[in-house]
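Below is one structure; the comments refer to it alone.
What follows draws every value from the coordinates through simple rules; no lab data is involved. The shown structure was predicted, so the numbers you read here are calculated from the model rather than taken from an experiment. Positions of Cβ are backbone-derived with ideal geometry, glycine not excepted, and every protein chain shown enters the neighbour counts.
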Amino acid sequence: MYEKIQETASWLKAKMPTHPTTAIILGTGLGHLAEEIDVTMAIEYKDIPNFPISTVEGHSGKLIFGKLGDKDILAMQGRFHYYEGYSMKEVTFPIRVMYELGIKTLYVSNASGGTNPNFNIGDMMVITDHINFFPEHPLHGKNFPTGPRFPDMHDAYDPELIQLANTIGAEKGIKLQHGVYLGTQGPTFETPAEYRMYHIFGADAVGMSTVPEVIVAHHCGIKVFGISIITDLGVEGKIVEVSHEEVQKAANAVQPIMAELIREMVRRS
Ligand code: HPA
């Protein structure tokens, strides 16, 4: 795996027009931001050696080098989900490559079901911590030299970036919730009993991504900011049927505000 990472990184290094230190995973909710990127070079995942290929509806697969405002960035348009059948090593492969390319800060977004009774559909939740509920650990196996065998997970979500989000939110009147994101394998949404259990466990929101990427980024010493759009509610008495389409619809409505927040954070960080 290490050789493959090196091979992919070398291939990209020989082509990349800029040397960004900031990367953004344009998950659900950040599609809008993609349109604001002044693209210098975009490469489809299928053309990148060793890269897995995204298959899920609503996610295309491209690695983008460009500028957001006046900042050089690297963006992943489309990510790899465990439920698609990828191994954890594949899901987190791009993060390992990012590290090799010199990325120091990672922004990541997702959609999730809120289990906190104070949340509403359309809320944005700054991820302050996570619970890893995936059945396979991304650091399982031989340790990579990027970090320790037993990594501390205290500040997996960078406190300074959270503070920056709060400052910008207050300035711009953007309402932000804060909470713990629990990552599950999917692809089923939760039963009412599962939502209840996750809430008792300490989760404010539950989704099917992000946790593996964050663990690997943290192991690489990359600072992370995570944000989640609450697209449905797993709160007793408020649970209704969920579909992928509804998740997309709820996320789309929030996109412009989300883009504004992240754009401003990238500018100031
Ligand atoms: N559960 C899991 N993943 C999700 C949800 C949910 O309720 N909503 C959006 N992604």
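Does at least one position in region 175-198 carry a residue that is farther than 27 Å from TYR86 by Cα, without any contact (Cβ under 8 Å) to a residue 12 or more places away in the chain and either surrounded by 17 or more Cβ atoms within 10 Å (Cβ to Cβ) or more than 16 Å from the ligand (Cβ to nearest atom) (or both)?
Scanning region 175-198, I find no residue that is farther than 27 Å from TYR86 by Cα, without any contact (Cβ under 8 Å) to a residue 12 or more places away in the chain and either surrounded by 17 or more Cβ atoms within 10 Å (Cβ to Cβ) or more than 16 Å from the ligand (Cβ to nearest atom) (or both), so the answer is no.
How many residues, within region 99-123, are within 20 Å of THR28 (Cβ to Cβ) and more than 16 Å from the ligand (Cβ to nearest atom)?
Total meeting the criteria: 2.
Spot the failing condition for ARG263; the list is (1) assigned to a loop (DSSP other than H, G, I, E, B); (2) in contact with a strand residue (DSSP E or B) (Cβ under 7 Å, 6 or more places away or on another chain), and only one is missed.
If we test ARG263 against (1) assigned to a loop (DSSP other than H, G, I, E, B); (2) in contact with a strand residue (DSSP E or B) (Cβ under 7 Å, 6 or more places away or on another chain), just (1) comes out false.
Of all residues in region 231-260 being part of a strand (DSSP E or B) and not β-branched (Val, Ile, Thr), which is nearest to the ligand (Cβ to nearest atom)? So that I can check it myself, show each step before the final result.
Restricting attention to region 231-260, the residues satisfying the condition of being part of a strand (DSSP E or B) are 231-233.
Now narrow it down to the ones that are not β-branched (Val, Ile, Thr): 232-233.
Values: ASP232: 5, LEU233: 8 Å.
Per the criteria, the residue is ASP232.
For region 132-139, does any single residue satisfy the condition of being assigned to a strand (DSSP E or B) and closer than 25 Å to MET258 by Cα?
At the first step, the residues of region 132-139 found to be assigned to a strand (DSSP E or B) are 132.
With the extra rule that they be closer than 25 Å to MET258 by Cα, the set shrinks to 132.
Scanning region 132-139, I find at least one residue that is assigned to a strand (DSSP E or B) and closer than 25 Å to MET258 by Cα, so the answer is yes.
Can you find a residue in region 229-248 that is under 15 Å from the mean Cα position of the chain (by Cα), under 13 Å from SER112 (Cβ atoms), surrounded by 19 or more Cβ atoms within 10 Å (Cβ to Cβ) and polar (S, T, N, Q)?
Checked region 229-248: no residue is under 15 Å from the mean Cα position of the chain (by Cα), under 13 Å from SER112 (Cβ atoms), surrounded by 19 or more Cβ atoms within 10 Å (Cβ to Cβ) and polar (S, T, N, Q).
When you scan region 80-90, do you find a residue that is within 16 Å of the ligand (Cβ to nearest atom), touching a Leu at 6+ places or on another chain (Cβ under 8 Å) and not charged (D, E, K, R), even just one?
The answer is no, given that none of the residues of region 80-90 is within 16 Å of the ligand (Cβ to nearest atom), touching a Leu at 6+ places or on another chain (Cβ under 8 Å) and not charged (D, E, K, R).
Working only within region 201-214, note down all residues that are crowded, with 24+ Cβ neighbours inside 10 Å and not in a loop (DSSP other than H, G, I, E, B).
ALA205, VAL206, GLY207, VAL211, PRO212, GLU213, VAL214
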